[in-house]
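**Student:** Dropping a structure here in structure tokens format, bear with me for questions.
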Amino acid sequence: MKTSEPLLFLQGFLKNPKRVGSVLPSSKSLAKKIVQSVRWDEIRTIAELGPGTGAITRVMRAQLPKSATVFLFERDPKMRSNLKKTYPEFMFHSNASYLLKRINQEHVHQLDNIICGLPFFNFSREMRHNILSQIHAALRPGGTLVLYQYSLHMKKQLAELFEMEKIQFVPFSFPPVFVYICRKKEEEGHGETRELGET
């Protein structure tokens, strides 16, 4: 019997709350807001970091160009297994700290867009810096990062790396959430990154 998505998400949270970050999957209103923030006609390569049970992935797939290459990075083994069954055409990895390495293994060197729901508030400063550096280096100049968090604690750090296009508040999500829409400066190329050990 297939486990329901809310129950699967709750099990992941109870097992490792620092990695999952919430007791419920992303709401439909949040998924809609994120999908509206992406210029889908420009997407050839995209990654979603922390898709969980696929609440956003489901809406994203309906918008994707047929030729798009999609990477999903999910640490929770049960959620990742569930996603693989639903989206067999996508590529799956566990650790976003290895973002650059994993996409390069598939002969992809830059991404057009990254959607990220990782709970940065729960991460160490070192891990937060490492993953953001990976994201920055993986995006092509002009590429976009759509990041959703439950507070504004990432605003300053994101502004140091990206052009902050807008921050949108989604009140009809539980808990309420902020969506950061950031763009990598056009003149920038690859940045220096340092990968943390995979666990």
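The values are calculated or read from the model by the stated rules, or taken from the named source; none is laboratory data. Quantities reported herein were computed from a predicted structural model and do not represent experimental measurements. Glycine gets a Cβ as well: all are built from the backbone with ideal geometry, and neighbour counts include every protein chain shown. Protein only, heavy atoms only, side chains kept; ligands, DNA and RNA dropped before computing areas. Shrake-Rupley method; radii C 1.70, N 1.55, O 1.52, S 1.80 Å.
**Student:** Going through the cross-link list LYS84/LYS184; LYS32/LYS155; LYS156/LYS185; LYS156/LYS184, which pairs have a Cα-Cα distance over 19 Å in this structure? If you can, show how the numbers build up before the last one.
**Tutor:** Values: LYS84/LYS184 30 Å; LYS32/LYS155 22 Å; LYS156/LYS185 16 Å; LYS156/LYS184 15 Å.
Going by Cα-Cα distance, LYS84/LYS184; LYS32/LYS155 fall outside the 19 Å limit.
**Student:** List every residue whose amide H lies under 5 Å from the amide H of VAL177, counting only residues 5 or more places away in sequence or on a different chain, with H placed 1.01 Å from N in the peptide plane.
**Tutor:** Under 5 Å from the amide H of VAL177: VAL170.
**Student:** Restricting to DSSP loop positions (anything but H, G, I, E, B) with no more than 16 other Cβ atoms inside 10 Å of their own Cβ, which trypsin sites (Lys or Arg not before Pro) remain in region 45-104?
**Tutor:** Numbers: sites: ARG58, ARG61, LYS66, ARG75, LYS78, ARG80, LYS84, LYS85, LYS101, ARG102; in loops: LYS66, ARG75.
Sites meeting the loop and neighbour criteria: LYS66.
**Student:** Using only protein heavy atoms and a 1.4 Å probe, report how much of SER81 is accessible, in Å² to the nearest 10.
**Tutor:** 50
**Student:** If you take all C-alpha pairs in region 69-199, what percent of them are over 19 Å apart? Could the numbers behind the result be given before it?
**Tutor:** On the way: 4372 of 8515 pairs.
Distances greater than 19 Å cover 51 percent of the Cα pairs.
**Student:** Could you tell me which of rounded, prolate or oblate describes region 63-124, using a ≥ b ≥ c as the square roots of the eigenvalues of the alpha-carbon gyration tensor, with rounded for a/c under 1.5 and, failing that, prolate when a/b is larger than b/c and oblate otherwise? Spell out each step's value before the answer.
**Tutor:** On the way: a/c = 1.62, a/b = 1.19, b/c = 1.36.
Oblate.
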